[in-house]
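Colleague: Once you've had a glance at the structure underneath, I'll fire off some questions.
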Amino acid sequence: MMDYAGRAAAADTFPKLLRLNAREHGGDIALREKDLGLWRLFSWNDYQTRVRDFALGMVELGLGHGDVIGIIGDNRPDWVSAEIATHAIGAMSLGLYRDVLDEEAAYLLSYGAAKLVFAEDEEQVDKLLALAARVPNLKHIVYSDPRGMRKYDDPRLMRADGLAGLGRDRAGREPGLYDQLVDATRGEDVAILCTTSGTTAHPKLAMLAAGRVLRHCATYLAFDPKGPDDEYVSVLPLPWIMEQVYALGKGLLCRMKVNFVEQPDTLMNDFREIAPTFVLFAPRVWESIAADVRAGVMDSSPLKQSLYQLGMKAGLAALARGRHSATADLLLFRALRDRLGFTRLRSAATGGAALGPDTFKFFQAMGVPLRTLYGQTELLGAYTLHPFGKVDPDTTGVAMADNIEIRIDNPDIHGVGEIVVRHPNMFLGYYKSPEASAADMKDGWMHSGDAGYFNDDNQLVVIDRIKDLAETARGERFSPQYIENKLKFSPYIAETVVLGAGRDALAAMICIRFSIISKWAEKHRIAFTTYTDLASRPEVYALLRREVETVNATLPPAQRISRFLLLYKELDADDGELTRTRKVRRSVINEKYAGIIDAIYGGQREIPIDTVIRFQDGTTQRIRTRLAVVDLSPDAPLAEAAE
Amino acid sequence: MAHTLELRGVSLRFGGVRALTEVSFGVNEGELFSIIGPNGAGKTSIVNCISGRYRPTDGQLFYRGRDITALNPNARPSLGIGRTFQNLALFHHMTVLDNIMVGRHHLLKNNFITGSLYWLTGARREELEHRRKVEEIIDFLDLQPVRKATAGTLPYGLRKRVELARAMALEPQLILLDEPMAGMNFEEKEDMARYIVDLNEEFGMTVMMIEHDMGVVMDISHRVMVLDFGRKIAEGDPASVLADPHVKRAYLGEEDEVLVDPDNTPATTESAA
């Protein structure tokens, strides 16, 4: 195993570590990017050169210590190079999600007073130019992809290659300058402003010091070792703390190869070509992979279907005995792993929300070493993880190191309370917001706001956000998310919101999974036109009713769904209904669908809808339909009889 | 100014049916020129005359000053004329990549005999070069996710885009697009309009487009010509064409002499109107 901590001590900022890697392993592959159908290689030397040129280019523009530099776009070598270059000149990097709304971008860029933004392409440049007057500090917009840029004549615009050219010239005139800049960087200085996921209001910016990020990565690597022969595919959003940890921190520290896909849409194909050794997916992605496999099986020949059933049964049976079935491997799993690009996986993780136990078992049986991790941006991402051999889908594992202290505050009789944590490498506070820092940090402990407890095995179990635990009018506490996750394990349900806080019973608003149900409808010769139309078909209602009843059977009576309806549209982050990491924003939903929610609880059998949907491109569509409410409570009049 | 493409008094008759009657117009270098008109106005007939599928009954066609009226269809791509079809004409069982590669056929120097000596005759280098060009087009049209998909399995909007890619692979100087947006939803249309504008501005191709959707045409075209019953009834920049009373009548279905009696000569129509 490599000496990660030693390396983090030898070079305590990203630019220092990059320079060290370039000196010692200059010719080795650091990054790959798929472009024009081919994987292009970037050695540590190439990486270092691009970073140096960007950094000196920014120096030429008069930028330096204390400035904020924004970065927005798809994951690409220029993205990570821009970040390290920003750190090299002593500035702070602020990553923005590529699908950030104008409002949010304006807020973050003006709050951080960003002077320069690296924007990948026309799409992002459009966004920034539209903000114009609201971000008065923004003086430079650097773009990598020149396509579609002819039409602009804005003095702030500059090509990334142009910026690099400026830097190259400066390096020619002052050969020692870059090294001086890098030597001047300090590990305890704020290097990264990391947006917190913000399920409420505006996101906060956590100040992270590079030295701490690297030391925390070293801790993580000591628990889950990686090295230069490891392959990683970078597809999580780079502004997110975990991708900062993987693509930058860990990538620099253990020199695993970081690969960038051609386009978000080619992910699965490029993923398979690389066959990475490690992957972190959100539960939603694992679930949709599992759902895609099942949908693919539904479409295949009867022979393949029975082989799949046979293999799955043998695999799950072996897993239940703690073993791996060689027969199942031969029949099914080897081909499946290859198809999904999982052949070389040595470590796989999920986190951010609970993953359905059945999905968990599905992948474990397949031989994917899936584990759960848990953490927060403020605590530099994950700090608990399952140890190998002690994987329990209901828990999030144990602290990765002894210096990570976790305690449960204000536990109730079952030991459930708030998860409170501290470790030596946590964040330095929120940017320009000491009040917010003081609210979450007390005596050096970070209050996570999550409810959880330690189980008998001393593993941490996370239930939900404390404030998201809801109580019915009858005083029964429940976690909407827990029930939603159970429902979403059905391949037919894409998204759902469970209601019931302060009400007499639980109800669910369900968004059908269009890709699967449309196929199902085709197979059953059910004609439909749009999503809205499909979601209102009685056959679809009957199908979903069976799914909800199946889930109800696994829940205690007080937590069962008594009514549900199928929503006329999908919940969308663009409408503010989901966060960028696709968590349900309950307050927005409660407000936006107040009429529907009241009607559900008012006992209405049918709710007339007349609304206008606004698309991202500004076009609108009027929707008029009637939503049927299905009543599942035992004392309800029989739905069939009423129809 | 000499036109890149010019039609002089082109008429086309199928037996007693007059598809085109003395149509004359010119497309300038670097222009995005559109032809609109109701169904059966003769729009596709014009494209077929230019690409050589039909021989005009009367009149002449000039491309860069050269009379191409009698030139064989297969000789026209080498002159720099490419086209797409209103009803898709892809090789359904081939991949998207291969479909686009076909577009480069006339640019290949090696034939199947010299190609068998792969390394000796430069066939390998040639293939790499062509593949790179094709990849650039794939990149331009965002076809990466379907690069290796079988063309026949793709949704209609995407197949239209593959057709455009194949026409682009010819590296034409003049590209004829026959209803590139027919049958598309709003979003697909917007994307396609973007590609066509970029094609014109970024690749510097002269574009002659036939289209149904007035909105898109008026948005992106430099000049527009309107056909009705095989005759030209208006030509000019989008604003003036929209304001033209003949066009209004043709599109709004109001009674007009041109519609009532298609055998009238345009001169009579003018005086009657």
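The values are calculated or read from the model by the stated rules, or taken from the named source; none is laboratory data. The model shown is predicted, which means the values in this text are computed figures rather than measured ones. Positions of Cβ are generated from backbone atoms using ideal geometry, with glycine treated the same way; all protein chains shown enter the neighbour counts.
Colleague: Output yes when any residue across segment B:75-83 is in contact with a Pro (Cβ under 8 Å, 6 or more places away or on another chain), under 25 Å from B:V162 (Cα atoms), of a type in the set (G, A, S) and surrounded by fewer than 19 Cβ atoms within 10 Å (Cβ to Cβ), and no when none is.
Modeller: yes
Condition check ((1) over 30 Å from A:I241 (Cα atoms); (2) touching a helix residue (DSSP H, G or I) at 6+ places or on another chain (Cβ under 7 Å)) across all residues:
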| position | (1), (2) |
| --- | --- |
| A:Y541 | yes, no |
| A:R545 | yes, no |
| A:P557 | yes, no |
| A:D572 | no, no |
| A:E577 | no, yes |
| A:Y593 | yes, no |
| A:Y601 | yes, no |
| A:V629 | yes, yes |
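Colleague: While we're on this one: Taking A:I623 and the conditions (1) farther than 30 Å from B:E190 by Cβ; (2) touching a residue at least 40 places away in the same chain (Cβ under 8 Å); (3) surrounded by fewer than 19 Cβ atoms within 10 Å (Cβ to Cβ), which numbered condition does it fall short on, given that it satisfies the others?
Modeller: Only one criterion in (1) farther than 30 Å from B:E190 by Cβ; (2) touching a residue at least 40 places away in the same chain (Cβ under 8 Å); (3) surrounded by fewer than 19 Cβ atoms within 10 Å (Cβ to Cβ) is unmet by A:I623, namely (1).
Colleague: Can you name the residue in segment A:237-266 that is within 12 Å of chain B (Cβ to nearest Cβ), assigned to a helix (DSSP H, G or I) and more than 15 Å from the chain's Cα centre (by Cα) and, of all such residues, is surrounded by the most Cβ atoms within 10 Å (Cβ to Cβ)?
Modeller: Residues of segment A:237-266 within 12 Å of chain B (Cβ to nearest Cβ): A:261-266.
Filter once more, keeping what is assigned to a helix (DSSP H, G or I): A:264-266.
If we keep only those that are more than 15 Å from the chain's Cα centre (by Cα) as well, we get A:265-266.
Working: A:D265: 13, A:T266: 17.
Ranking the candidates gives A:T266 first.
Colleague: Here's another thing I want to ask about it. Yes or no: segment A:314-334 includes at least one residue that is outside the structural domain of A:T581 (by TED's automatic domain parsing), modelled with pLDDT of 90 or more and exposed (fewer than 14 other Cβ atoms within 10 Å of the Cβ).
Modeller: Taking every residue of segment A:314-334 in turn, at least one turns out to be outside the structural domain of A:T581 (by TED's automatic domain parsing), modelled with pLDDT of 90 or more and exposed (fewer than 14 other Cβ atoms within 10 Å of the Cβ).
Colleague: Here is a follow-up. Tell me, which helices (runs of 4 or more DSSP H) lie completely within segment A:530-623 with 2 or more residues that are in the same structural domain as A:A130 (by TED's automatic domain parsing) and within 29 Å of the chain's Cα centre (by Cα)?
Modeller: Output list is empty.
Colleague: Okay, moving on. Give the residues of segment A:135-161 that are within 14 Å of chain B (Cβ to nearest Cβ) and under 31 Å from the mean Cα position of the chain (by Cα), sorted by residue number. Write out each step before concluding.
Modeller: Step one: filter segment A:135-161 for residues within 14 Å of chain B (Cβ to nearest Cβ), giving A:144-152.
Answer for segment A:135-161, where residues must be within 14 Å of chain B (Cβ to nearest Cβ) and under 31 Å from the mean Cα position of the chain (by Cα): A:S144, A:D145, A:P146, A:R147, A:G148, A:M149.
Colleague: Separate question: Kindly evaluate B:D198 against the criterion of being within 14 Å of chain A (Cβ to nearest Cβ) and either among the charged types (D, E, K, R) or more than 22 Å from B:R147 (Cα to Cα) (or both).
Modeller: Yes.
Colleague: State which residue is surrounded by the fewest Cβ atoms within 10 Å (Cβ to Cβ) when the search covers only segment A:511-529 and only residues that are among the β-branched types (V, I, T) and over 22 Å from the mean Cα position of the chain (by Cα).
Modeller: Filtering first and then ranking leaves A:T529.
Yes or no, residue by residue, for (1) modelled with pLDDT of 95 or more; (2) over 30 Å from A:S347 (Cβ atoms):
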position	(1), (2)
A:L128	no, yes
A:N137	no, yes
A:D154	no, yes
A:D183	yes, yes
A:G198	no, no
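Colleague: Filter segment B:160-172 for residues that are buried (at least 19 other Cβ atoms within 10 Å of the Cβ) and more than 14 Å from chain A (Cβ to nearest Cβ) and give the result.
Modeller: Just the residues of segment B:160-172 that are buried (at least 19 other Cβ atoms within 10 Å of the Cβ), to begin with: B:160-170, B:172.
Listed by number, the residues that qualify are B:K160, B:V162, B:E163, B:L164, B:R166, B:A167, B:M168, B:A169, B:L170, B:P172.
Colleague: Next question, about the same structure. Taking segment B:173-183, which residues are buried (at least 22 other Cβ atoms within 10 Å of the Cβ) and either within 14 Å of chain A (Cβ to nearest Cβ) or assigned to a loop (DSSP other than H, G, I, E, B) (or both)? Show your work before the answer.
Modeller: Looking only at segment B:173-183, we keep the residues that are buried (at least 22 other Cβ atoms within 10 Å of the Cβ), and these are B:174-178, B:180-181.
Scanning segment B:173-183 gives B:P180, B:M181.
Colleague: Within segment B:227-256, track down each residue that is in contact with a Lys or Arg (Cβ under 9 Å, 6 or more places away or on another chain) and either modelled with pLDDT under 85 or in a helix (DSSP H, G or I) (or both).
Modeller: Passing the criteria: B:P238, B:V241, B:L242, B:E254, B:E255, B:D256.
Colleague: Quick check on A:E273: is it part of a helix (DSSP H, G or I), assigned by TED's automatic domain parsing to the domain that holds A:D78, touching a residue at least 12 places away in the same chain (Cβ under 8 Å) and not hydrophobic (A, V, I, L, M, F, W, C)?
Modeller: Details: part of a helix (DSSP H, G or I): yes; assigned by TED's automatic domain parsing to the domain that holds A:D78: no; touching a residue at least 12 places away in the same chain (Cβ under 8 Å): yes; not hydrophobic (A, V, I, L, M, F, W, C): yes.
Considered against the rule, which asks whether it is part of a helix (DSSP H, G or I), assigned by TED's automatic domain parsing to the domain that holds A:D78, touching a residue at least 12 places away in the same chain (Cβ under 8 Å) and not hydrophobic (A, V, I, L, M, F, W, C), A:E273 comes out as no.
Colleague: Identify all residues within segment B:22-56 that are among the hydroxyl-bearing types (S, T, Y), in contact (Cβ under 8 Å) with a residue 60 or more places away in the chain and under 21 Å from B:L71 (Cα atoms); write none if there are none.
Modeller: Residues satisfying the conditions are B:S24, B:T44, B:S45, B:S51.
Colleague: I've got another one for you. For segment A:460-491, enumerate the residues that are more than 22 Å from the chain's Cα centre (by Cα) and hydroxyl-bearing (S, T, Y).
Modeller: A:T472, the sole residue that qualifies.
Yes or no, residue by residue, for (1) modelled with pLDDT under 85; (2) of a type in the set (G, A, S); (3) assigned to a helix (DSSP H, G or I); (4) surrounded by 22 or more Cβ atoms within 10 Å (Cβ to Cβ):
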site	(1), (2), (3), (4)
A:V368	no, no, no, no
A:G375	no, yes, no, yes
A:D392	yes, no, no, no
A:I413	yes, no, no, no
A:L428	no, no, no, no
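Colleague: For segment A:1-55, give me each residue that is of a type in the set (V, I, T) and without any contact (Cβ under 8 Å) to a residue 12 or more places away in the chain.
Modeller: In the first step, residues of segment A:1-55 are kept if they are of a type in the set (V, I, T); the result is A:13, A:29, A:49, A:51.
Scanning segment A:1-55 gives a single hit, A:T49.
Colleague: So, in segment B:118-159, exactly how many residues are facing chain A (nearest Cβ under 8 Å), in a loop (DSSP other than H, G, I, E, B) and buried (at least 16 other Cβ atoms within 10 Å of the Cβ)?
Modeller: The number of residues fulfilling the criteria is 1.
Colleague: Which one is nearest to A:L373 (Cα to Cα) among residues in segment A:280-325 that are aliphatic (A, V, I, L, M) and in contact with a Lys or Arg (Cβ under 8 Å, 6 or more places away or on another chain)?
Modeller: A:A282
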